[in-house]
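> Here you go, one structure.
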Amino acid sequence: MILIADSGSTKTEWREVRDGIAGKSYISSGLNPFFISCEEITRLLRSEFPDFSNGGVSRIFFYGTGVSNAAKAEILRNSLATCFGTSNLFIGSDLLGAARSLCMNDPGIACIIGTGSNSCYYDGKEIVANVPPLGYILGDEGGGAVMGRKLVSGVLKKQLPENIIEKFFRAYPFTPADILENVYNMPFPNRYLGQFSRFIADNIDIPEIKSIITSGFDEFIVRNVLSYPEARKYQVHFTGSIAYHFRPFLEELLLMHQLKPGLFTISPMDNLVKFHIQNPHI
């Protein structure tokens, strides 16, 4: 049996594959080695995941955010080997997982827009070019955390209609001090800000809210997608909750920029399983 994992900032989705057939799926916490240690990853896996330590897992393909260099990949490698009892491990970035899921064995532009955002030009085998995402402070254009940051800033600076500000505080009974504490002093401020994307979706008809969406996506396209010389040659594909739920806005902007919309999926997993079934020797 092989296990395939797709790990984001918030959660990790796992899928069993037995004899070329997709099996059970599991959800665990996000396992980002940029934020949590090897010991913490091991603890989370042991507390949240079925016990495979006695064998049964022949290989693991793990695609995750935060796998930015060999040292971060090694943190995950050690934890996975300890918990699952196998050293047959492939550790790749969430972006490679997205590219394999969206493009399979064909070239294309692969994008992730969830809590954060990222993109690449994929030649059908590997990532050839990647504009650095830079996180929700310096980049992550169009991502849920950046949308949430813009919304909260508009609320606290009273740049939104008064009825929307009142509605926000009814939905989220925080004080301004609570918000600042969570953003500046608590762990995972990107997750905290990302939760407000639901409020944006629920109030999408308000012009000021709609502007947060369209300006964020336009920034993503201009600052990321259009940086690839191949962008107008191939389809531009997206995966992630924000891209999936706000698809009409993205499609309209892509066409405006003379780009070709491709696949939109809420998660890479289903197509990632298909990729590995069709490419068993990778």
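The values are calculated or read from the model by the stated rules, or taken from the named source; none is laboratory data. Everything quoted here is computed from the prediction, not taken from an experiment. In this analysis, Cβ positions are derived from the backbone assuming ideal geometry, glycine residues included, and neighbour counts consider all displayed protein chains.
> Do you know which of the residues in the stretch 210-223 that are of a type outside the set (Gly, Ala, Ser) and within 13 Å of Arg149 (Cα to Cα) is surrounded by the fewest Cβ atoms within 10 Å (Cβ to Cβ)? Walk me through it before giving the result.
Taking the stretch 210-223 first, the residues of a type outside the set (Gly, Ala, Ser) are 210, 212-214, 217-223.
From what's left, within 13 Å of Arg149 (Cα to Cα): 212-213.
Working: Ile212: 23, Ile213: 21.
Only one residue fits best here, namely Ile213.
> Name the single residue that is modelled with the lowest pLDDT among those in the stretch 38-66 being assigned to a loop (DSSP other than H, G, I, E, B) and within 21 Å of Thr115 (Cβ to Cβ). Can you show your working first?
First pass over the stretch 38-66, keeping only residues assigned to a loop (DSSP other than H, G, I, E, B): 49-58, 65-66.
Pick out the ones that are also within 21 Å of Thr115 (Cβ to Cβ) and you get 65-66.
Working: Thr65: 81, Gly66: 78.
Ranking the candidates gives Gly66 first.
> Mind checking which residues of the stretch 175-209 are crowded, with 16+ Cβ neighbours inside 10 Å and part of a loop (DSSP other than H, G, I, E, B)?
The answer is Phe188, Phe196, Asn203, Ile206.
> Would you mind stating whether Pro132 is surrounded by fewer than 14 Cβ atoms within 10 Å (Cβ to Cβ), over 24 Å from Met256 (Cβ atoms) and touching a strand residue (DSSP E or B) at 6+ places or on another chain (Cβ under 9 Å)?
yes
> Which of the residues belonging to the stretch 232-250 are within 12 Å of Ala201 (Cβ to Cβ), touching a residue at least 24 places away in the same chain (Cβ under 8 Å) and hydroxyl-bearing (Ser, Thr, Tyr)?
The one that is within 12 Å of Ala201 (Cβ to Cβ), touching a residue at least 24 places away in the same chain (Cβ under 8 Å) and hydroxyl-bearing (Ser, Thr, Tyr): Ser241.
> Residues that are over 24 Å from Glu74 (Cα atoms), over 14 Å from the mean Cα position of the chain (by Cα) and of a type outside the set (S, T, N, Q): list the strands (runs of 3 or more DSSP E) wholly contained in the stretch 93-174 that include at least 1 such residues. Give the derivation first.
On the way: elements: 108-113, 117-122, 127-129.
Filter on the stretch 93-174 gives 108-113, 117-122.
> Against the condition crowded, with 18+ Cβ neighbours inside 10 Å, in contact with a helix residue (DSSP H, G or I) (Cβ under 9 Å, 6 or more places away or on another chain), among the aromatic types (Phe, Trp, Tyr) and in a strand (DSSP E or B), how does Phe264 come out, does it pass?
Values: crowded, with 18+ Cβ neighbours inside 10 Å: yes; in contact with a helix residue (DSSP H, G or I) (Cβ under 9 Å, 6 or more places away or on another chain): yes; among the aromatic types (Phe, Trp, Tyr): yes; in a strand (DSSP E or B): yes.
When the stated conditions are applied, Phe264 passes them.
> Can you tell me which residue among Ala231, Ala243 is surrounded by 16 or more Cβ atoms within 10 Å (Cβ to Cβ) and farther than 21 Å from Ser197 by Cα? First the steps, then the outcome.
On the way: Ala243 fails: farther than 21 Å from Ser197 by Cα.
Answer to the selection: Ala231.
> Which pairs have Cβ atoms under 7 Å, sit 6 or more apart or on different chains, and link a residue in the stretch 258-282 that is more than 17 Å from Glu16 (Cβ to Cβ) and among the basic types (Lys, Arg) to one that is surrounded by 15 or more Cβ atoms within 10 Å (Cβ to Cβ) and at pLDDT 90 or above?
Note: pairs meeting the criteria are Lys260/Gln235; Lys260/Val236.
> Do we have any residue at all in the stretch 149-157 that's without any contact (Cβ under 8 Å) to a residue 24 or more places away in the chain, of a type in the set (A, V, I, L, M, F, W, C) and out of contact with any Phe, Trp or Tyr (no Cβ under 8 Å at 6 or more places or on another chain)? Before the answer, list the steps.
Restricting attention to the stretch 149-157, the residues satisfying the condition of being without any contact (Cβ under 8 Å) to a residue 24 or more places away in the chain are 153, 155-157.
Filter once more, keeping what is of a type in the set (A, V, I, L, M, F, W, C): 155-156.
Next cut, out of contact with any Phe, Trp or Tyr (no Cβ under 8 Å at 6 or more places or on another chain) only: 156.
Yes, the conditions are met somewhere in the stretch 149-157.
> Something else about it: Taking the stated definitions as given, is Tyr228 farther than 24 Å from Pro261 by Cβ and aromatic (Phe, Trp, Tyr)? Can you show your working first?
On the way: farther than 24 Å from Pro261 by Cβ: no; aromatic (Phe, Trp, Tyr): yes.
Spelling it out, it is not the case that Tyr228 is farther than 24 Å from Pro261 by Cβ and aromatic (Phe, Trp, Tyr).
> While we're looking at this one, here's another question. So, in the stretch 117-131, exactly how many residues are in contact with a Pro (Cβ under 7 Å, 6 or more places away or on another chain) and of a type outside the set (Phe, Trp, Tyr)?
If we filter the stretch 117-131 for residues that are in contact with a Pro (Cβ under 7 Å, 6 or more places away or on another chain), which is where we start, we get 117-118, 122-124.
With of a type outside the set (Phe, Trp, Tyr) added as a condition, the list becomes 117-118, 123-124.
Of the residues in the stretch 117-131, 4 are in contact with a Pro (Cβ under 7 Å, 6 or more places away or on another chain) and of a type outside the set (Phe, Trp, Tyr).
> Turning to a different aspect of this structure: Looking at the stretch 79-92, which of its residues are over 19 Å from Ile277 (Cα atoms), modelled with pLDDT of 85 or more and buried (at least 16 other Cβ atoms within 10 Å of the Cβ)?
Result: Ser79, Leu80.
> Every residue in the stretch 67-89 that is closer than 24 Å to Thr115 by Cα and of a type outside the set (A, V, I, L, M), please.
Once the filter is applied, which keeps residues that are closer than 24 Å to Thr115 by Cα and of a type outside the set (A, V, I, L, M), the stretch 67-89 yields Ser68, Asn69, Lys72.
> A follow-up question, please. I'm told Cys38 meets every condition in (1) closer than 15 Å to Ser79 by Cα; (2) touching a helix residue (DSSP H, G or I) at 6+ places or on another chain (Cβ under 6 Å); (3) buried (at least 17 other Cβ atoms within 10 Å of the Cβ); (4) in contact (Cβ under 8 Å) with a residue 24 or more places away in the chain except one. Can you identify the failing condition by its number?
The failed condition is (3).
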